[in-house]
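Structure record follows, encoded as structure tokens.
The values are calculated or read from the model by the stated rules, or taken from the named source; none is laboratory data. Bear in mind the structure is a predicted one, so any value in this text is a computation, not a measurement. Positions of Cβ are generated from backbone atoms using ideal geometry, with glycine treated the same way; all protein chains shown enter the neighbour counts.
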Amino acid sequence: MSSTVKRFTYDTSHCQPGEKFAFWRESVCDAYVNLGCEALSRKDFKGRIELSKHDVIDLSFVSGSKHKVIRRAEDIGRTSEAEFLLSIQLNNRSVIEQCGRAAPLSRYDFTLYSSTETYSIDLEEDFKQLVIKFPKKALLSRLPDANMLTAIPVNGTSQLGSLVATTALNISSLIDSQTTDCKLLLQETLIDLIATSLAPLRGSRLELSQPEQQLLIRAKSFILINLQDASLNREDIAKSLGLSVRRLSEVFTKNGETVCGFIRESRMQKIASDLVDERFQKTGISEIAFKWGQNNLQHFSRSFRDQFGCSPRDYRRTILDPK
């Protein structure tokens with residue numbers, strides 16, 4: 001069996017200032033999956049991707065300016081491929097959100113995310129990541145409940161976390177010089193190691209059967225897509241899945257959650273994110289709250305304080321002006 005590798009480099013330094021961000025948006029779609037991109041400054045934007053495509057995995061080093069990438073429902077509909085991606089943070093920080101979970105990443109931390117569910121990635125200025133992409137079936141054959149382990153951070157300073165980060169970097173630097181058999185073995189070994197590092201995250205999630213895991217993912221995806229709808233309720237969610245409200249509640253309860261609690265916490269996360277987003281500095285707190293389905297400001301303030309330990313105003317001031 002022959003082993004092939006294809007290499008690509010995408011670099012905005014070769015573009016005119018007004019064309020940099022458009023080029024970058026096309027580049028990330030080519031290198032990864034269909035995505036939307038947002039940036040504060042498009043004119044001064046810089047970014048670079050060094051991608052190598054192997055038989056089983058794709059390895060890429062990506063770096064650049066502060067921006068956000070979003071995998072939307074319409075993006076998912078444009079492809080039939082089912083893949084996992086794993087981002088290892090190499091410089092500065094990022095936050096990856098999927099299925100109502102948020103994974104903040106610092107140096108050598110990493111997390112798994114799925115191409116078949118919506119997600120977002122907030123990337124800080126001068127970030128750098130190593131991104132590993134591979135078919136879902138490659139990991140699911142080793143870790144059947146991997147779909148439930150997305151957007152959960154693995155600490156890069158832990159023994160397993162450090163081993164994965166170091167091994168992935170070493171493999172990326174030496175794989176091209178190896179024999180065909182060795183290249184394939186290295187790729188399989190890396191996926192084995194990824195599965196091993198994610199296994200401790202499972203915890204109580206093993207209580208859910210595979211069909212229940214899929215139901216939970218679909219329910220959470222529906223909720224996240226419709227968070228801005230103030231009338232969103234359990235009946236709507238259950239109807240969209242062809243379930244009874246009772247069955248929907250049972251699946252969430254089995255995972256240690258409630259439907260209403262997940263909706264509330266997800267909305268608070270979105271509001272908190274907008275409160276400290278430089279693009280919305282001039283947008284009022286109440287306007288942001290209404291945007292994310294909050295129609296009772298007193299109840300909103302109480303829920304926000306319960307989740308973050310301070311008022312929305314104090315949260316915004318502390319993050320944007322820590323002095």
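Tell me, which strands (runs of 3 or more DSSP E) wholly within the stretch 1-104 include 3 or more residues that are of a type in the set (Gly, Ala, Ser)? Lay out the reasoning, then the answer.
Working: elements: 6-11, 36-38, 47-53, 58-64, 67-71, 83-91, 94-98.
Qualifying strands (runs of 3 or more DSSP E): 58-64.
Checking the conditions here, which among Glu212, Glu235 is acidic (Asp, Glu), assigned to a helix (DSSP H, G or I) and either within 25 Å of the chain's Cα centre (by Cα) or buried (at least 18 other Cβ atoms within 10 Å of the Cβ) (or both)? Walk me through how you get there before you give the answer.
Values: Glu235 fails: either within 25 Å of the chain's Cα centre (by Cα) or buried (at least 18 other Cβ atoms within 10 Å of the Cβ) (or both).
Being acidic (Asp, Glu), assigned to a helix (DSSP H, G or I) and either within 25 Å of the chain's Cα centre (by Cα) or buried (at least 18 other Cβ atoms within 10 Å of the Cβ) (or both) holds for just one of Glu212, Glu235, which is Glu212.
Residue-by-condition table, conditions (1) touching a residue at least 60 places away in the same chain (Cβ under 8 Å); (2) surrounded by 14 or more Cβ atoms within 10 Å (Cβ to Cβ); (3) more than 16 Å from Phe61 (Cα to Cα):
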{"position": "Leu85", "(1), (2), (3)": "no, yes, no"}
{"position": "Ser114", "(1), (2), (3)": "no, yes, yes"}
{"position": "Ile121", "(1), (2), (3)": "no, yes, no"}
{"position": "Phe134", "(1), (2), (3)": "yes, yes, no"}
{"position": "Asn155", "(1), (2), (3)": "no, yes, yes"}
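Select from the stretch 1-40 the residues that are in contact with a His (Cβ under 9 Å, 6 or more places away or on another chain) and within 25 Å of Asp277 (Cβ to Cβ) and write down the one among them that is modelled with the lowest pLDDT.
First, the residues of the stretch 1-40 that are in contact with a His (Cβ under 9 Å, 6 or more places away or on another chain): 3-6, 21, 23-24, 37-40.
Among the residues that remain, those that are also within 25 Å of Asp277 (Cβ to Cβ) are: 21, 23-24, 37-40.
Numbers: Phe21: 82, Phe23: 89, Trp24: 86, Cys37: 82, Glu38: 80, Ala39: 74, Leu40: 65.
Across the stretch 1-40, the extreme among qualifying residues is Leu40.
What are the residues in the stretch 289-309 that are hydrophobic (A, V, I, L, M, F, W, C), in contact with a Lys or Arg (Cβ under 9 Å, 6 or more places away or on another chain) and farther than 19 Å from Arg101 by Cβ, if any?
Taking the stretch 289-309 first, the residues hydrophobic (A, V, I, L, M, F, W, C) are 289-290, 292, 297, 300, 304, 308.
Narrowing the set further to residues that are in contact with a Lys or Arg (Cβ under 9 Å, 6 or more places away or on another chain) leaves 289, 292, 300.
Residues satisfying the conditions are Ala289, Phe300.
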